[in-house]
Amino acid sequence: MTDIETVSVKQTILGIETSCDETAAAVVVDGQHVLSSVVSSQVDLHARFGGVVPEIASRAHTDLITPVVAQALVEAGRNGGELSAVAATYGPGLVGSLLVGVSAAKALSLTWGVPFVGINHLEGHLYAGLLEEPDLSFPLVVLLVSGGHTMLVEMRGHGDYRLIGQTVDDAAGEAFDKVARYLDLGYPGGPIVDQLAALGDPEAIGFPRPMLNEGYDFSFSGLKTAVINHVRKNPDVSAEDVAASFQAAVVDVLLTKARRAAEEVGATAICLAGGVAANSELRERTLGYSVDSGMRAYVPSRSMCTDNAAMIAAAAWWRLNSDGPSPLDLGAEPGLRLAFAD
Ligand code: KG4
Ligand code: ZN
């Protein structure tokens, strides 16, 4: 394994991310300096269906991948021959969507004669924090909250992770999306609930805080059902109050467990990662906790929380120097998991 401190030649990596409904490409130097980061969202294409339609997503990725990569290179002022590697997310995600990014990255790596690196999307989210804050030191407790995953991870070093806890049912982002769909608020649910919650009273409705004092796992399915039942029984309830009270319950659980984990592990900092880390209340309360407790908190910029390719290029820099290039027969792995130490 290469010590990352000993890598002296500058490495410029093109990252590609197509695991779900964002077509993204970015050029990043040494896992830290973002020269360009282009994200083309397909939100408008999926909005009328109330969720991501896999067939539409993969077709849109096919249409968008070439212009998005071209724009990332132009904005970075680099051509293919100047790159050190081309990286792409190979899982987890939608198989048709992943295949577009993986195939494009392999084709470009062959064309330009540079290594191909396959990256786990979740590892990308973990590296988003390090990309913006290179001075962070280990161990870190990362609260990774996205549309498909909710986990607390102890990041002990580069590529060295311990799973502290995870959801036993719905992911936090999934709960936001399902509540928004039930309330007929539109898609994507998370940002809409976030905006609506700012206008409501977080104490108006006492929704449950599932598993609040039980270990480090999470459960959001019962909370989502409690919201639906409450709205069914009280059809005239204010949507703003429902959004604010629901959001307060989610953030209470997420932050309580993250704080406890960080204190128990002796972490140098808490880092937020994943799309739900763009949530205003989670961000504010995490920073508030940091001020009160002295525990450092790292809250990446919103665009670094949601899916992007800069985080993939950042993780790829570490992976390339640690494990070398990926084989060209690496395929898309929709169910790929993060490898955890005991
Ligand atoms: O990480 P991400 O962009 O994609 C996945 O890997 O899943 O996360 C998307 C999730 C969606 O469930 C979306 O509703 C949620 O993140 N999200 C938010 C906010 N912005 C995005 N949830 C709450 N508040 C937000 N502001
Ligand atoms: Zn993601």
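Read the figures in this text as sums done on the coordinates, not as results from a lab. Everything quoted here is computed from the prediction, not taken from an experiment.
Points to keep in mind about this one:
- The orientation-averaged shadow of the Cα convex hull for the chain, equal to a quarter of the hull surface, comes to 16.8 nm².
- Evaluating 6.51 cos²θ - 1.76 cosθ + 1.60 at θ = phi - 60° for every residue in segment 106-115, the Karplus couplings come out as 5, 4, 5, 5, 5, 4, 8, x, 10, x Hz, glycine and proline recorded as x.
- Proximal aspartates and glutamates relative to K10, as straight alpha-carbon distance under 15 Å, when same-chain residues fewer than 8 apart are discounted: D30, E82
- When its C-alpha radius of gyration is set against 2.2 N^0.38 Å (N residues), segment 138-302 gives a value of 1.01.
- With Cα atoms, 0 to 90° folded angle of helix 310-323 axis to the chain main axis: 60 degrees
- Using alpha-carbon coordinates, inclination of helix 121-132 to the longest axis of the chain, degrees: 90 degrees
- Only alpha carbons enter this Debye calculation for segment 219-269, each as an equal point scatterer, and the log10 of I(q)/I(0) it gives at q = 0.23 Å⁻¹ is -0.83.
- Of all lysines in the structure, those lying under 23 Å Cα to Cα from K224, and not within fewer than 8 positions of it along the same chain, are K178, K233, K257.
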